[in-house]
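What follows is a single structure, written as structure tokens, with notes after it.
The values are calculated or read from the model by the stated rules, or taken from the named source; none is laboratory data. Predicted model only: the values in this text are computed from it and were never measured. Cβ coordinates were reconstructed from backbone atoms using ideal geometry, including for glycine residues, and neighbour counts include every protein chain displayed. All accessible areas refer to the heavy atoms of the entire protein, side chains included, with ligands and DNA or RNA removed. Shrake-Rupley method; radii C 1.70, N 1.55, O 1.52, S 1.80 Å.
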Amino acid sequence: MKDFYSHYIDDDSWLIKENKWTKSLQNIHEARFALGNGYLGTRAALEEIPHDAMPGTYIAGIYDKMFSQVAELVNLPNPFNFIFTIQGEKLALGIMDVLKHQRILNLKKGLLLRHTLYQNNKKHHFDYQCLRFVSMNNKDAGVMQIALTSLDSACEIDINTGIDTSVYNAPILTEGQKRHFRIKELGQFQNAGYLLVQTLEKKHIIIYWSGFYYEINGRKILAKDSISRLKLKKNQTIIFTKIFCIKHFPSQSKIVKYKRETFKKFYKVFHTEFDMLIKKHIQSWEKLWQRADILVEGKVDLQRNIRFNIYHMLICAPTDNGFSSIGARTLTGEGYRGHIFWDAEIFLMPFYLFTMPKTAKNILLYRCLRLKKARKTAKKLNFRGTMFPWESADTGEEETPTWARDIDGSIIKIHTHKMEHHITADVAYAVYNYYLTTDDERFMERYGYEVLFETARFWASRVEYNKEKNRYEINHVIGPDEFHIDVNNDAYTNMMAKWNLTVACKTFYRIRENAPLVYQHLQRKLNLKCKEVENWEEIASLIPININKKGVIEQFDGYFKLKRVILTETDENGIPVLPKRLKIKELGKTQLVKQADTLMLIYLLSDNFDLKTKKANCDFYMKRTLHKSSLSPSIHSTLALECLDLHRAYDLFNVSLCIDVDNLYGNTKEGIHGACLGGTWQAIVFGFAGISIKEKRLFINPRMPISWRKMIFSLLWKDKLLQLNLTNEIIKLKAVSSKEEEIEIGIFDKLTSIRTNEDYIFEREMPALMAEYYY
């Protein structure tokens, strides 16, 4: 039997495979094999929509609140359905016998391929091959092609395709299944079907156009309807090509115009040859991988898994000028209702910052365009400045649900939106890092400086002065470690607030001296006085952080007095297992930590801590961390590496790398873990490749495992493309730029001047310690 799509399957290091049909893994594979382009995300539900499938079609930024506690990412009608019935029997997994089944996600080309061999109840065989993609070239379009062959006898097939509107958002707690849209119009026009749906609360209009044609004996025939019947001869193959376009609009006042505009787009795509559509799509992917790929000479599984993580960051990268950001489960599922957390700014943004700065800017614009809402949130709680929501959707208002399931499945009340205030400093940190890496002065003048000043203003109003101790405290908070609720002086929160205030002061004085017009504009706009900024300085100097004689930072007031629990067991991945005698509700009375908290502080503000302090805190907190969040292992890995705890560093890295590849947390079916993707990239680049920023300069100091013979990748640094070829002993470097100039780069911790567009090779003067090689 001819394999129609084998030429799209080449290098195994780019392929994620499903080699047999396992019903229990169906929803996990839907997330793993998802397709997307930053605007549109689709779960990889099989075309025939088997029982218990969870199809998901999501447009970045489209949320709705009707029938649910809070707004959630809308699951829209599914365009990738194509159902065949042969003599009354549905051609589907779970119904016909399956003699062979394989699906392959080609990460390099953004293609999902399938080959299934069916046997019906009469022992007749049917060969089913499929290829589909969401266009990276035309972000409104998707394409699917199916090659169907009857191997034993002639038959009659019934076809039912079009757009499947029977989808719904997954039930959560007591809410049940929800459909967040209603059908306003549907019909046929010029061999195409159209569907117009409207979200229930915000009244977003989403218009679908869809059509298909089939090729038989060299003839191309346009289908007149989405339901049809064809006769198929023995060993005859029919190739079906389905093309759709999806576009959203903000209101219903111009529906006729919207339909006309979208039809023109669809018509152009529909009448473009399939080979040209896929060619342009693949070319767009090639451009992305030129910037984003990390080549590691080592094991094939390692390379494939690294690319899997990068692929999923590429398919959710928004470029809509701040209309959307990236939710906790990207555009691959409805976990956390599609809400945006600190994951976007702290964990995901560094990848985009160094590879796709426009997307990094988009993530920040999402926050900047919602400053008014953040000001209202602060004002409502009697604070000044800007207070960002812990969970955000489309409006920038707080969207944290009141109730949710805990890690043991019990239903608990949620307090994060009332106390997990570090999100405000996290956004300011991301803004500052964007400026540090890009020198985008225009962005700072329009948005960035305002964010830095307004977040500082928030912290100045959030602190409480303790006259007895002569210090400013931040009480009643939750840090990243959500086991401990309503604590005082959480080290992470305090230090990030202190950093926020300090950077805002320095920035204020800098622009006052160097950019008087910008300074005057901001003074008028924000009513910002020198005296207020001087007060920020005083507050920052008096925000406490408690450190014991061994150099260990106390996570919050009273933490050292909590019950010490010794973790003696781990699972097969080396992750600590909670002692059976300990109940979940008792965790807050112990020193056990959910995820990186104090260590997160040390990671983000690394320059503020010496190696001795880092080692003391890593030794203390790593013994107490349960890693009950997917974003935790990568941060611990990077810090363990810096502290030369090499086995632990590599073990935790592998956990982070494989969380969704191997469903390590058991919830990949709800969507790919976005923060884990970004954290894993940071462990590779900031950890093993040794990339760091010190005193506003980029440094490179590789520290790779011995099995990693070489790393090759590129980074953008201040409009220069740094092409890197690294081993532990040799750095090959070229800074590609449109300008001929001299720049300073840290090479093996030593500042070195290089000229752009010239090749350099640097060799480590002192060989790396042999201890670095054994892991």
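In the full protein context, the chain carries 41 Å² of accessible surface per residue, based on a 1.4 Å probe and ignoring ligands, DNA and RNA. Helix 530-541 and the longest principal axis of the C-alpha atoms of the chain enclose an angle of approximately 90°.
Test of understanding: extend the Cα→C-beta vector of residue 729 to 7 Å, then name every residue of the range 674-698 with backbone N under 19 Å from that spot. What the label zone holds, given the 19 Å backbone N cut-off, is 689-690. Across the range 591-711, the relative contact order, built from alpha-carbon pairs under 8 Å that are at least six residues apart, equals 21 percent.
Taking the longest Cα principal axis of the chain as reference, the axis of helix 300-314 is set at about 90 degrees.
Its relative contact order, with pairs defined as Cα atoms under 8 Å and 6+ residues apart, puts the chain at 11 percent.
Between residue 23 and residue 697, the FRET efficiency from the beta-carbon distance, with R0 = 41 Å, is close to 0.15.
Enumerate the whole-percent occupancy of each 10 Å bin, from 0 to the last occupied one, for all C-alpha pair distances of the range 30-115. Spelled out per bin, shortest first, that is 15, 40, 30, 14, 2. Using only side-chain charges placed at the Cβ, +1 for Lys and Arg and -1 for Asp and Glu, the dipole size of the chain relative to its Cα centre rounds to 1740 debye.
Dividing the summed helix terms, -39500 (n - 2.57) for each DSSP H run of n ≥ 4, by the number of residues in the chain produces a 222 nm estimate of -9000 deg cm²/dmol to the nearest 500. FRET efficiency for the residue 526 to residue 589 pair, using the beta carbon distance and R₀ = 41 Å, is estimated at 0.40.
You can think of it this way: the chain between residue 407 and residue 742 has 115.3 nm of extra reach, that is 0.36 nm per residue less the Cα-Cα gap.
Can you flag which of 109/247; 17/264; 202/376; 549/585; 17/139; 379/525 are past 27 Å Cα-Cα? Result: 17/264; 549/585 exceed 27 Å. Taken one residue at a time, the phi angles of the range 436-447 give Karplus couplings (6.51, -1.76, 1.60, θ = phi - 60°) of 4, 8, 10, 6, 7, 5, 4, 4, 5, 5, 7, 9 Hz. Gly and Pro are set to x. In the chain, the portion of solvent-accessible area held by carbon and sulfur atoms comes to 50 percent [1.4 Å probe, whole percent, DNA, RNA and ligands not counted]. With contacts taken as Cα pairs under 8 Å at a separation of at least 6 residues, the range 374-433 carries a relative contact order of 25 percent. Highest mean packing comes first when the peptides 500-512, 73-85 are listed by Cβ atoms within 10 Å, giving 73-85, 500-512. Between the beta carbons of residue 380 and residue 510, assuming R0 = 30 Å, the FRET efficiency works out to 0.40 to the nearest 0.05. In a fully extended conformation the segment linking residue 567 and residue 177 would gain 136.4 nm over its present Cα-Cα distance, using 0.36 nm per residue. Taking packing as the residue-averaged number of other Cβ atoms within 10 angstrom, the listed peptides 513-522, 650-659 run from highest to lowest as 650-659, 513-522.
Ignoring lysines fewer than eight residues from residue 529 along the same chain, the ones with Cα atoms less than 17 angstrom from its Cα are 506. Towards the positive end of the charge dipole of the chain, with charges on Cβ (+1 Lys, Arg; -1 Asp, Glu), say which of 253, 632, 472 has the farthest Cα. Of 253, 632, 472, it is 253. Placing a label point 7 Å from the Cα of residue 95 along the Cα-to-Cβ direction, the residues of the range 192-230 whose backbone N falls under 17 Å of that point are 227-230.
The order of the peptides 310-319, 290-299 by mean Cβ neighbours within 10 Å, most packed first, is 310-319, 290-299.
Here the simple spin-label model places points 7 Å from the Cα toward Cβ, and for residue 10 and residue 605 these points are separated by 4.9 nm. When the C-alpha to C-alpha distance is required to be over 21 Å, the pairs from 550/594; 380/418; 531/694; 372/418; 694/718 that qualify are 550/594; 531/694.
Per-residue surface analysis assigns residue 569 an accessible area of about 120 Å², computed on protein heavy atoms at 1.4 Å probe radius.
Helix 449-462 and the longest principal axis of the C-alpha atoms of the chain enclose an angle of approximately 60°.
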